[in-house]
Amino acid sequence: MNAFEYARAADIAEAVRLKAADPAAKFIAGGTNLIDLMKYHVEHPARLIDITRLPLRSVEPSHSGGVMIGALVPNSDLAYHPLIESRYPLLSSAILAGASAQLRNMASTGGNLLQRTRCAYFYDVATPCNKRTPGAGCSAKDGLNRNHAILGFSNACIATHPSDMCVALAALDASVHVAGPTGARIVPFAEFHRLPGDRPDLDNTLRTDEIITAIELPPQGFAANYSYLKIRDRLSYAFALVSVAAALELVGGHIQQARLALGGVAHKPWRDSAAEEALRGQAPSRDVFANAADVLLKDAKGHAHNTFKIGLARRAIIRTLTQAANATPQVQSVKTIR
Ligand code: SF4
């Protein structure tokens, strides 16, 4: 780990000011990803700005009828918060599918959005990686790519986004509140994370002088018909091979509105409006769900070791939508799939 300076921000204005003065500095909150990256010499910031004292730890109703989540709320606190458990159980479930209890106790809501890919080559500084060193090449394309993307990847990078929480936030149409030297702005969740294109070093659209202050959930939480299903190599603790967040609004036995987002398959949480549209107005059935899966996966393409993910994703989508329609969501403490 490199030597670094340490500064502690007392409030949001000071955090923004410190970052604007040194855009290469890194904010540190839970540190559950950044400290690993520093130990592996992937990140070597000359300065860390400690934001753990900022007043961003509340979960409360928002003016729009939704819920506002402070960026420093620990993942565990969020998963078990009564407002989230009762109104947005899909989000609770996705959080509890991720990491370990110890990591969830430390990791912050804002930090979860900013965690970096777990592509092994990204963490191995002895190998070429375009995300770590732009222009160096991608070791995963012709290397071990079992965990890599099947959708939205580019010639420069085939990595996936590792978060579970973000898959639920994408499905729920959350928005990200950020602050910078020129003021505050709100970023729709779908526009926060990027596809790799020819700039895989950029994971998201947050500017270098900005800080995440909150995540806002809209009023509709799909609390009656939802499920989050995570398929992984070890049920105890592993990143997703494929995960699915499904949420349905059922009226008179038909799907009035559908949300479908996938994790573990792309550089960002993957939502496809055409797949959701294919569900709208239909009576829930295996054929309807299979058709939506086929729409979502029509452009999916595997690499040497991960083509199996396409079939796995299709089956996971059908299973998760079935769980959602039957109001029998996957229980994360139960290590078998219903
Ligand atoms: Fe780097 Fe992306 Fe290639 Fe992994 S997939 S080696 S993160 S460029």
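Annotation note: of GLY111, GLY65, GLY137, the sole residue that is at positive phi, more than 16 Å from the ligand (Cβ to nearest atom) and open to solvent by 10 Å² or more (accessible area, probe 1.4 Å) is GLY65. Restricting attention to segment 153-162, does a residue exist that is near the ligand (Cβ under 9 Å from one of its atoms), β-branched (Val, Ile, Thr) and either crowded, with 16+ Cβ neighbours inside 10 Å or part of a loop (DSSP other than H, G, I, E, B) (or both)? The answer is yes, given that some residue of segment 153-162 is near the ligand (Cβ under 9 Å from one of its atoms), β-branched (Val, Ile, Thr) and either crowded, with 16+ Cβ neighbours inside 10 Å or part of a loop (DSSP other than H, G, I, E, B) (or both). The condition (being over 13 Å from ALA324 (Cβ atoms), more than 20 Å from the chain's Cα centre (by Cα) and buried (at least 19 other Cβ atoms within 10 Å of the Cβ)) is satisfied by just one residue among HIS303, HIS267: HIS303. Would you mind telling me which numbered condition in (1) more than 11 Å from the ligand (Cβ to nearest atom); (2) open to solvent by less than 50 Å² (accessible area, probe 1.4 Å); (3) in contact with a Phe, Trp or Tyr (Cβ under 9 Å, 6 or more places away or on another chain); (4) in a loop (DSSP other than H, G, I, E, B) ILE215 fails? Condition (4) is where ILE215 drops out. Is it true that LEU206 is away from the ligand (no atom under 16 Å from the Cβ), farther than 24 Å from LEU260 by Cα and more than 14 Å from the chain's Cα centre (by Cα)? Yes. A count restricted to segment 295-313 and to residues that are within 16 Å of TRP270 (Cα to Cα) and of a type in the set (Val, Ile, Thr) stands at 2. Within segment 77-92, how many residues are in contact (Cβ under 8 Å) with a residue 24 or more places away in the chain and either assigned to a loop (DSSP other than H, G, I, E, B) or open to solvent by 10 Å² or more (accessible area, probe 1.4 Å) (or both)? Count: 5.
Determine whether segment 198-208 contains at least one residue that is crowded, with 20+ Cβ neighbours inside 10 Å, at pLDDT 95 or above and not in a loop (DSSP other than H, G, I, E, B). Checked against the condition, which is being crowded, with 20+ Cβ neighbours inside 10 Å, at pLDDT 95 or above and not in a loop (DSSP other than H, G, I, E, B), segment 198-208 yields no hits at all. Of the listed requirements (1) assigned to a loop (DSSP other than H, G, I, E, B); (2) touching a residue at least 60 places away in the same chain (Cβ under 8 Å); (3) farther than 21 Å from LYS131 by Cα, PRO55 misses just one: (2). In the condition set (1) surrounded by fewer than 23 Cβ atoms within 10 Å (Cβ to Cβ); (2) within 16 Å of the ligand (Cβ to nearest atom), GLY70 is compliant with all but (2).
If you check VAL178, VAL167 for being more than 11 Å from the ligand (Cβ to nearest atom), without any contact (Cβ under 8 Å) to a residue 40 or more places away in the chain, not in a loop (DSSP other than H, G, I, E, B) and not assigned by TED's automatic domain parsing to the domain that holds VAL242, only one passes: VAL178. For segment 116-125, the condition holds for at least one residue, the condition being that it is touching a residue at least 60 places away in the same chain (Cβ under 8 Å), within 16 Å of the ligand (Cβ to nearest atom) and not in a loop (DSSP other than H, G, I, E, B). For HIS148, only one of the following conditions fails: (1) part of a strand (DSSP E or B); (2) open to solvent by less than 30 Å² (accessible area, probe 1.4 Å). What is its number? Every condition holds for HIS148 apart from (1).
Take the residues in segment 181-196 that are in contact with a helix residue (DSSP H, G or I) (Cβ under 8 Å, 6 or more places away or on another chain) and part of a loop (DSSP other than H, G, I, E, B), then tell me which one is nearest to the ligand (Cβ to nearest atom).
The qualifying residue nearest to the ligand (Cβ to nearest atom) is PHE192.
To keep it simple, each residue is scored yes or no on (1) surrounded by fewer than 17 Cβ atoms within 10 Å (Cβ to Cβ); (2) more than 16 Å from the chain's Cα centre (by Cα).
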{"residue": "LEU144", "(1), (2)": "yes, yes"}
{"residue": "ASP164", "(1), (2)": "no, no"}
{"residue": "GLY221", "(1), (2)": "no, yes"}
{"residue": "SER236", "(1), (2)": "yes, yes"}
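When you check ARG17 against the structure, is it surrounded by fewer than 21 Cβ atoms within 10 Å (Cβ to Cβ) and either outside the structural domain of ARG259 (by TED's automatic domain parsing) or part of a strand (DSSP E or B) (or both), yes or no? In short, yes.
Taken together, the criteria place ALA292 among residues that are at pLDDT 95 or above, open to solvent by less than 20 Å² (accessible area, probe 1.4 Å), farther than 15 Å from LEU90 by Cβ and in contact with a helix residue (DSSP H, G or I) (Cβ under 6 Å, 6 or more places away or on another chain). Residues in segment 166-197 that are open to solvent by 50 Å² or more (accessible area, probe 1.4 Å) and in contact with a Phe, Trp or Tyr (Cβ under 7 Å, 6 or more places away or on another chain): ASP173 only.
The values are calculated or read from the model by the stated rules, or taken from the named source; none is laboratory data. A quick note: this is a predicted structure, and the numbers were derived from the prediction, not measured. Counting neighbours? That spans all protein chains shown, and the Cβs are built from the backbone with ideal geometry, glycine included. Just the protein is used for accessible areas: all its heavy atoms, side chains included, with ligands, DNA and RNA removed. Shrake-Rupley method; radii C 1.70, N 1.55, O 1.52, S 1.80 Å.
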